[in-house]
Amino acid sequence: MRVLIAYCTRYGATASTSEEIAKVLREEGFDVRVANTKKEKIRSISEYDLVIVGAGLQMFRWCKESEKFLNKFQEDLRAIRTAIFVSSGAIAVMDYDGQTEEMEDHWQKHLVDKAEMYSIDPIALGRFGGIWDYDKMNFVFRRTMGPFRMKLEEVGIKEVEPGVYDTRDWDEIRKWTKDLAQKVKGY
């Protein structure tokens, strides 16, 4: 079974999350292609049995290349099994703070509503942590988000290298992918 993972990323979280999803799917017997939509122009998706669209979120906005991908292939995606996931560094903090209502709004707006906007009925939706990379942020964003560093440390998220905080739960990502593989095999 052929799978395309089409993603865009700002700080690398969605890229490495996509690679981990690909690794797990390959272990499950799938033939997987991973494509960064910022660097590759995808002409057709007709050869794939499953398309996974990944988007990094910044300030609660989708990475624009993933949005363009959904727009370009929306008709095709209605006929192909599709999954969508987002990466967001804010998820871990909202979860830790018990912001259940905000988490539900986040799920609805960035996954459910996005799929409905393009009339796509995904077989799976995923929301994973992301990376806060203060070294790659522009000056204004870094200055605005500076106080958030204390919050990350307060909730137990440590720097993985100077200025970089990784909020992903790799076990959660692997479990989501294995569940997705079982759904696809069950079709």
message: For segment 126-174, give me each residue that is in contact with a Ser or Thr (Cβ under 6 Å, 6 or more places away or on another chain) and part of a loop (DSSP other than H, G, I, E, B).
response: Gly129, Gly130, Ile157
query: Restricting the search to segment 1-32, which residues are touching a residue at least 12 places away in the same chain (Cβ under 8 Å) and among the basic types (Lys, Arg)?
result: Arg2, Arg10
task: Residues being aromatic (Phe, Trp, Tyr), out of contact with any helix residue (DSSP H, G or I) (no Cβ under 6 Å at 6 or more places or on another chain) and at pLDDT 95 or above: count how many of those fall in segment 1-54.
output: 2
message: Condition (residue is assigned to a loop (DSSP other than H, G, I, E, B), within 18 Å of Lys72 (Cβ to Cβ) and among the charged types (D, E, K, R)) applied to segment 46-56: is it met by at least one residue?
response: yes
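Which members of segment 137-148 meet the condition of being of a type outside the set (Ser, Thr, Tyr) and either surrounded by 11 or more Cβ atoms within 10 Å (Cβ to Cβ) or more than 18 Å from Lys64 (Cα to Cα) (or both)?
Filtering segment 137-148 for residues of a type outside the set (Ser, Thr, Tyr) gives 137-143, 145-148.
Matches in segment 137-148: Met137, Phe139, Val140, Phe141, Arg142, Arg143, Met145, Gly146, Pro147, Phe148.
If I filter segment 93-136 down to residues being of a type in the set (A, V, I, L, M) and either without any contact (Cβ under 8 Å) to a residue 40 or more places away in the chain or out of contact with any strand residue (DSSP E or B) (no Cβ under 9 Å at 6 or more places or on another chain) (or both), which single residue comes out as surrounded by the fewest Cβ atoms within 10 Å (Cβ to Cβ)? Please lay out each step first, then the result.
Here is the first cut: in segment 93-136, the ones of a type in the set (A, V, I, L, M) are 93-94, 103, 111-112, 115, 117, 120, 123-125, 131.
Checking the rest, the ones that are also either without any contact (Cβ under 8 Å) to a residue 40 or more places away in the chain or out of contact with any strand residue (DSSP E or B) (no Cβ under 9 Å at 6 or more places or on another chain) (or both) come to 93-94, 103, 111-112, 115, 117.
Working: Val93: 20, Met94: 17, Met103: 16, Leu111: 19, Val112: 14, Ala115: 19, Met117: 12.
So, considering only residues that are of a type in the set (A, V, I, L, M) and either without any contact (Cβ under 8 Å) to a residue 40 or more places away in the chain or out of contact with any strand residue (DSSP E or B) (no Cβ under 9 Å at 6 or more places or on another chain) (or both), the one surrounded by the fewest Cβ atoms within 10 Å (Cβ to Cβ) is Met117.
Just for segment 165-180: of the residues that are surrounded by 16 or more Cβ atoms within 10 Å (Cβ to Cβ) and either over 30 Å from Val3 (Cα atoms) or not charged (D, E, K, R) (or both), which one is farthest from the chain's Cα centre (by Cα)? Full working, then the answer.
Within segment 165-180, the first condition is being surrounded by 16 or more Cβ atoms within 10 Å (Cβ to Cβ), and the residues that meet it are 165-168, 173, 176-177, 180.
Remaining after also requiring either over 30 Å from Val3 (Cα atoms) or not charged (D, E, K, R) (or both): 165, 167, 173, 176-177, 180.
On the way: Tyr165: 17, Thr167: 13, Ile173: 10, Trp176: 12, Thr177: 12, Leu180: 14 Å.
Step by step, filter segment 165-180, then rank; the result is Tyr165.
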- prompt: at pLDDT below 80 and within 24 Å of Val53 (Cα to Cα) - does that describe any residue in segment 138-155?
  reply: no
- prompt: Say we look at segment 12-63 and pick out the residues that are of a type in the set (Lys, Arg) and closer than 18 Å to Phe128 by Cα; which of these is surrounded by the fewest Cβ atoms within 10 Å (Cβ to Cβ)?
  reply: Arg61
query: Taking the condition closer than 26 Å to Arg2 by Cα, of a type in the set (Val, Ile, Thr) and assigned to a helix (DSSP H, G or I), does Val112 pass?
result: yes
query: Can we say Leu70 is of a type in the set (A, V, I, L, M, F, W, C), under 17 Å from Leu125 (Cα atoms) and under 15 Å from the mean Cα position of the chain (by Cα)?
result: yes
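The values are calculated or read from the model by the stated rules, or taken from the named source; none is laboratory data. Note that the structure is a prediction, hence the values are computed from the model and not measured. Because the Cβ atoms are built from the backbone with ideal geometry, glycine has one as well, and the counts that use them run over all protein chains shown.
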